[in-house]
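The values are calculated or read from the model by the stated rules, or taken from the named source; none is laboratory data. Quantities reported herein were computed from a predicted structural model and do not represent experimental measurements. Here the Cβ positions follow ideal geometry from the backbone for every residue, glycine too, while neighbour counts run over all protein chains shown.
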Amino acid sequence: MIGLVLIMIGLIFSTIDIPVYTIASYPKYTILHSEEGLGEVIQEYVAGNMIGNELRIDLFSDLFAYLLIFIGVCFLLKYNVKFIKVFIPLFATAFLYVFMKVLPFWYGGKRLIVYGLAVSAVLVVAEILMEYFLVYTIAQTTADLPNQRDTVLMKFGWIGSVLCRGFLYFIVLVGLDRWIINIYIVAQIGFMAFCLHRMFLCRKYLKKQGDM
């Protein structure tokens, strides 16, 4: 029970991003006008929209969220050893999150843009993979006949959240109007909230492996 609650809190924290405090400003990025294969528009989108100008702390810290998920998974291992599959993408997500934050201090020019695109894309994939293992292993572990409806709806909510996240990645990259971005943010939070509500309903069906 406590493990499931910690995971739910961690997923909420990782879904809601509200930057509240600026730690430091990144070195100013200078557009490369003569770089082949790296258009000025792409440079502006990546440097301005994906990386940004400042290193900020979120109100709901993603690193704290990953820690809660890690502790929660440790509690749930007694119910299903398959939860161990969460650890690799979870550690990768935490590492890439930190690496993305400090990237502008280490690299500039073409390498910053290329690495920024690559790291952000892999970060999204790693986070989705981590959540996939979480949601689907919870569904498998609580798959008693009376609970099948809630496990299916939990998966539906998570898939909706993932689709919104995919759209967000691309619309933030190309710098669409803020109101469009906000619509997808609200939709993603709504789908995740629905997923977590159904996940909470599954709690009473958790059984240790020896009892299954």
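For the residues Leu103, Leu76, the requirement of being within 26 Å of Thr151 (Cβ to Cβ) and in contact (Cβ under 8 Å) with a residue 12 or more places away in the chain singles out Leu76. Against the conditions (1) part of a helix (DSSP H, G or I); (2) closer than 20 Å to Val5 by Cα, Phe60 satisfies every one except (1).
Is there a residue in region 15-32 that is touching a residue at least 40 places away in the same chain (Cβ under 8 Å), within 29 Å of Gly190 (Cα to Cα) and outside any loop (DSSP other than H, G, I, E, B)? Yes, region 15-32 contains at least one residue that is touching a residue at least 40 places away in the same chain (Cβ under 8 Å), within 29 Å of Gly190 (Cα to Cα) and outside any loop (DSSP other than H, G, I, E, B). Given the structure, is Lys85 at pLDDT below 95, buried (at least 17 other Cβ atoms within 10 Å of the Cβ) and charged (D, E, K, R)? Criteria met by Lys85. All of Arg198, Arg165 fail the test of being buried (at least 18 other Cβ atoms within 10 Å of the Cβ) and over 17 Å from the mean Cα position of the chain (by Cα), apart from Arg198.
Considering region 56-78, the residues that are touching a Pro at 6+ places or on another chain (Cβ under 8 Å) and under 26 Å from Tyr107 (Cα atoms) include one that is surrounded by the fewest Cβ atoms within 10 Å (Cβ to Cβ), namely Ile57. Might you check whether a residue that is modelled with pLDDT under 90 and among the acidic types (Asp, Glu) occurs anywhere in region 172-186? Yes, some residue in region 172-186 is modelled with pLDDT under 90 and among the acidic types (Asp, Glu). Looking only at residues of region 91-124 that are touching a Pro at 6+ places or on another chain (Cβ under 7 Å) and buried (at least 19 other Cβ atoms within 10 Å of the Cβ), we find that the one that is farthest from Val46 (Cα to Cα) is Pro104.
Only one of (1) crowded, with 18+ Cβ neighbours inside 10 Å; (2) outside any helix (DSSP H, G or I) is not met by Met130, so which one is it? With respect to (1) crowded, with 18+ Cβ neighbours inside 10 Å; (2) outside any helix (DSSP H, G or I), Met130 is out only on (2). Could you tell me which residue of region 134-149 is nearest to Val122 (Cα to Cα), considering only residues that are buried (at least 20 other Cβ atoms within 10 Å of the Cβ) and not β-branched (Val, Ile, Thr)? Going through the qualifying residues, I end up with Leu134. Within region 135-179, the set of residues being closer than 20 Å to Lys207 by Cβ, part of a helix (DSSP H, G or I) and among the β-branched types (Val, Ile, Thr) comprises Val135, Thr137, Ile138, Thr141, Thr151, Val152. When restricted to residues that are touching a Ser or Thr at 6+ places or on another chain (Cβ under 9 Å) and either free of Cβ contacts under 8 Å to residues at least 24 places away in the same chain or among the charged types (D, E, K, R) (or both), region 53-73 contains 3.
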